[in-house]
Structure formats: C-alpha cells, structure tokens
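Some notes on the structure that comes next.
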Amino acid sequence: MSQISETSPKHCAKKGGININSRRKKLFFTISTFFSGLLLIIFLIWLILHPAKPEFSLTEADIYTLDVSSSTTHLLNSSIQLTIFSKNPNKKVGIYYDKLLVYSAYRGQQITPEASLPPFYQSHEEINLLTAFLQGNELPVAQSYGYQIVRDRSAGRVIIGMKMDGKLRWKIGTFVSGAYRFNVNCVALVAFGPNMTTSPLGSIQGTRCSTDI
C-alpha cells in the first residue's frame, strides 16, 4: 500500500512560497523611514532658522472718553484709539496672522469689548501699522473706579493697557506651520489732568509690548 502525504499551505510558505507578513513589514518599514526622515528634515530646518517672536509696540493711545456715568450705578464709558506697530524680526521666516483680537484695560479690568483686526501676512523683516478704535458703553465696574479716575486726573496721568490675543503661523520657504496662540501686553501713559477737557488726550509715552507664544 502506497502512503499518500499532503503538504499544508503553511508548509509550502516555509519551503519557498510568498511570505505576505514579511512583505508587509518591509512596506511598513519603508513608509516609516520616509516619514521619519521628512519630519527630521523639517525639524532641522526649524531648529536652524529658529523663528523669533514678532515685536509689537504701542506708539499712541488717544482717549476720547473715560468716565463713570454715575456714583450710584458705577457704569464706565470709554472710547480709545490705538496705534500699534508690528514687526517681523526674522530674515527668512514669514508670519501669517490668522486672528487678532484687541481690547483695552484700566486698573487691571477690561474696559472695552474685543475688536477684531483683519488677518494679514507679514514678510521677512516687515513692519506693519495697525489701528483699532475701542469703545465700551456702560460697563459695570467696581465702586472704587470713580474715585480712581478722579485720583488719576489729579495726578495728571492715566495708565491704559492694551491687550491682544491671536493666532499665527510661521512660513519657512513653502512650508507653513500649524497655528500658534500668542498674547501681547502693552501699557501707555496718557496725560489726563483735571482741567483737560479737550479730546482726544494722547499718550505721552510709547511703549514696547511683551509677546508670549
């Protein structure tokens, strides 16, 4: 009696058939190596260029209105015109500003709603002029605000803060990064004496702002 034997597909694969798992591993390894190398190149370019933060300076703050409407209701009215310089200090990196929200603060409290500035692109070492008119009507404030405004008038100056929140993207050659949040804080010293009734009252001291990303 002759003996009949069968060889399973598993055994055939071991003896020289196509190893599907091995082919998949090679493909996965090739793709992983390619993307790892690409990410490494992008990281090295980023590391070499190392974009510097944009620079902002508040060059002028004109106060048209700043008063508490009533000693009983404690509602603050304000209208302020801001002039801001924005500079890209990078020689090889451009900046896309996708979102810019600006508002004013007095004595640590926001006194105007946020104003939206149009998005724009800032090329290498470019300087742009930004302006914003901010107005707050009947904003509830602390009881001490009326006294503080009177005291600042007597001192002959008012310190106004400007704050900006936004999103930016870096452009390096054809590569554009993801979005980064940034915050800008500025302070302006404005002459505001008790006998000064003519508006607007302009800032007497420009200031360089701090920028955090």
(Q) Given the whole protein assembly as supplied and a 1.4 Å probe, what does the accessible area of R169 come to in Å², nearest 10? (A) 70 Å²
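Around D67, what is the net charge, scoring Lys/Arg as +1 and Asp/Glu as -1 over all other residues with Cβ under 12 Å from its Cβ?
Surrounding charge for D67 is -1.
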Q. For segment 104-148, what is the Kirkwood hydrodynamic radius in Å, using each pair of distinct C-alpha atoms?
A. 13.5 Å
Q) Using 1/(1 + (r/R0)^6) with R0 = 35 angstrom and r between the beta carbons of S144 and Y64, what's the FRET efficiency to the nearest 0.05? A) 0.90
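The values are calculated or read from the model by the stated rules, or taken from the named source; none is laboratory data. None of these values were measured; they are calculated from a predicted model. Counting neighbours? That spans all protein chains shown, and the Cβs are built from the backbone with ideal geometry, glycine included. Heads up: the accessible areas ignore ligands, DNA and RNA and are worked out on the full protein's heavy atoms, side chains in. Shrake-Rupley method; radii C 1.70, N 1.55, O 1.52, S 1.80 Å.
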